[in-house]
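FYI, it's all coordinate maths here, none of it is from the lab. Bear in mind that the values here come from a model prediction, so they are computed numbers and not experimental data. Here Cβ is always computed from backbone atoms with ideal geometry, including for glycine, and neighbour counts include all displayed protein chains.
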Number of protein chains: 2
Amino acid sequence: MFDPAGIRALTFDVFGTVVDWRGSVIREGAEWARDYGVEVDWAAFADAWRMLYQPMMSKVRGGELPWTRLDDLHRMALDRILPDFGLDGLNPDAVQRINTVWHRLDPWPDAVAGLTRLKQRYVVAPLSNGHVALIVNMAKRAGLPWDVVLGAEPARAYKPDPTVYLTAADMLGLATNEILMVAAHNSDLAAARALGLHTCFVRRATEWGPGQTIDLEAEPGVDLAVETIEELADRLSC
Amino acid sequence: MFDPAGIRALTFDVFGTVVDWRGSVIREGAEWARDYGVEVDWAAFADAWRMLYQPMMSKVRGGELPWTRLDDLHRMALDRILPDFGLDGLNPDAVQRINTVWHRLDPWPDAVAGLTRLKQRYVVAPLSNGHVALIVNMAKRAGLPWDVVLGAEPARAYKPDPTVYLTAADMLGLATNEILMVAAHNSDLAAARALGLHTCFVRRATEWGPGQTIDLEAEPGVDLAVETIEELADRLSC
């Protein structure tokens, strides 16, 4: 039985767990369509872009690339998919605007309220592969009340590299078992759990749209499984 | 004439500028006196401890010590002064409690209100020689509404090493002239200004007690000079 009394900090995956990257790209895509006179299936565009996320980070994890921030990995992936969507004629300002959409993702409806409640009792921090500027810009726009920004950039490594989780614990001055890692992705939670962090699965059944087939259920071993971050606040009596 | 329109983020020195380290050590010293049955001039104790702050950081700046967090530098300095105050008989838990008083410093009366107003328009971040855990613990206790924690630890260097200011700008994705450095210490502002940051002096005329002789006035070259962080919010129309 999980006892939350020993928890001091909650660390959150961000893309998919706290913010709706797919819906946000689709929504902003409608503005790009209008401003640049292009017709694009923005859902397919969002999915194609996101499908290159892990392969791009793998280049850093495997040493093919040195430490590289996510804006630059996003841009490499974007440059690769633009021709597939007939967007290779866009001017550089337009491409730059599209590339930074990840700084402007909208939170899931429960995220701000849930985090605000949890922040009253716990340190709440992103533990994201997004870099500091991206996470700060997103938080300022969306009202996400982080106490401190942890994750890939301070560790100069990408999840699920253990360095990312261990650097966060070290910077907080906490043992790993004083931290609850919150994510919508079982692979992220498994990596955290292997290092001694407690884990909470949040179900985001439409992160990949209505046809999503992965991460619909928590895998065995998580301490908590919830539908929303507000439910997590309920469960922790915040 | 300083135009604040180009400013995106405000970075703050913390010890002395945002929090009253001397008054806080004196106040908590009264608890130690009661709990440990000791009689100490806590003002002299606070001053003696703080006087070793720059010499300890100089060991890291000069390469005599590798990167070392402030908790550990504080402890080296504390171990040195304890005998001078007849406190060398304290047990390890008591010494550890005293050493972490820097995590529990009280803000100046204007700090929380001023930062809360400034946060509405700007990224507000500590740019302190305090490490992340210390700054986070202090902020949670005092209600300091930081957006992100920057400073010595992410840069693995101590102010006024240029690396600290430049790492903060780099992590925020900003040019140095988009940042306003706020401090009660002219030396900190001079180091920031040399790198292109804008600067604001906050007068903390009793940081070192009623007999303070340094940093009573802003030196030439600062963009703004204010009495409080609330006045800074007024000046920036927040």
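Of note:
- For B:Val182, residues with placed amide H under 5 Å, excluding near neighbours: B:Thr11, B:Phe12, B:Asp13, B:Cys200
- Per-residue ellipticity at 222 nm from helix content only, as computed over chain A with -39500 (n - 2.57) for each DSSP H run of at least four residues, stands at -13000 deg cm²/dmol.
- When chain B is treated as a GNM with alpha-carbon contacts under 10 Å, the residue of B:Met57, B:Met181, B:Met76 showing the greatest mean-square fluctuation is B:Met76.
- With the convex hull constructed from alpha-carbon coordinates only, the range B:21-104 shows a mean projected area of 5.3 nm² over all directions.
- Inter-copy separations for A:Arg235, label at 7 Å along Cα-Cβ, nm, ascending: 4.8
- Globularity ratio of the protein assembly as shown, using Cα Rg and 2.2 N^0.38 Å: 1.04
- Sites B:Glu219 and A:Gln212 - FRET efficiency at Förster radius 51 Å, r taken between beta-carbons, to 0.05: 0.30
- With label points defined 7 Å past Cα in the direction of Cβ, position B:Tyr36 shows copy-to-copy spacings of 6.4 nm, given to one decimal and shortest first.
- The alpha carbons of chain B give a radius of gyration and a Dmax of 17.7, 57 Å, in that order.
- The fraction of all Cα pairs in the range B:148-238 landing in successive 5 Å bins from 0 to the largest distance is 3, 14, 22, 22, 20, 13, 4, 1, 0, given as whole percents.
- Ellipsoid fit via the Cα gyration tensor, the range B:123-194: semi-axes of 19, 13, 12 Å, each the root of five times an eigenvalue, largest first.
- Free of any GluC sites (Glu not before Pro) that DSSP assigns to a loop and that have at most 16 other C-beta atoms within 10 Å, the longest stretch within chain B is B:65-216.
- Degrees, to the nearest 10: A:162-172 long Cα axis against longest axis of chain A: 60 degrees
- Long-range HN-HN contacts of B:Val226 with modeled amide H, under 5 Å: B:Phe201, B:Val202, B:Arg203
- Charge dipole magnitude, Cβ of K and R +1, D and E -1 - chain B, Cα centre, debye nearest 20: 520 debye
- Counted without the sites themselves, the longest stretch of chain B free of chymotrypsin sites (Phe, Trp or Tyr not before Pro) in a DSSP loop having at most 16 other beta carbon atoms within 10 Å is B:68-238.
- For A:Trp67 and A:Met1, the difference between the fully extended length at 0.36 nm per residue and the C-alpha to C-alpha distance is 19.8 nm.
- 3J(HN,Hα) along the range B:140-147: 5, 5, 8, x, 7, x, 4, 7 Hz, from the Karplus curve 6.51 cos²θ - 1.76 cosθ + 1.60 with θ = phi - 60°, whole Hz, x for Gly and Pro.
- Across the identical copies, the label point of A:Thr163 (7 Å from Cα in the Cβ direction) is separated from its matches by 1.6 nm, in order from shortest.
- Given R0 = 41 Å, the distance between the Cβ atoms of B:Arg235 and B:Glu39 translates into a calculated FRET efficiency of 0.35.
- Amide H within-cut-off set for B:Val19, under 5 Å, with H built and near neighbours excluded: B:Trp108
- Acute angle (nearest 10 degrees) that the helix B:21-36 long axis makes with the longest principal axis of chain B, alpha-carbon atoms: 20 degrees
- Here the range A:21-104 is assigned +1 on the Cβ of each Lys and Arg and -1 on the Cβ of each Asp and Glu. Its dipole about the Cα centre then comes out at about 380 debye.
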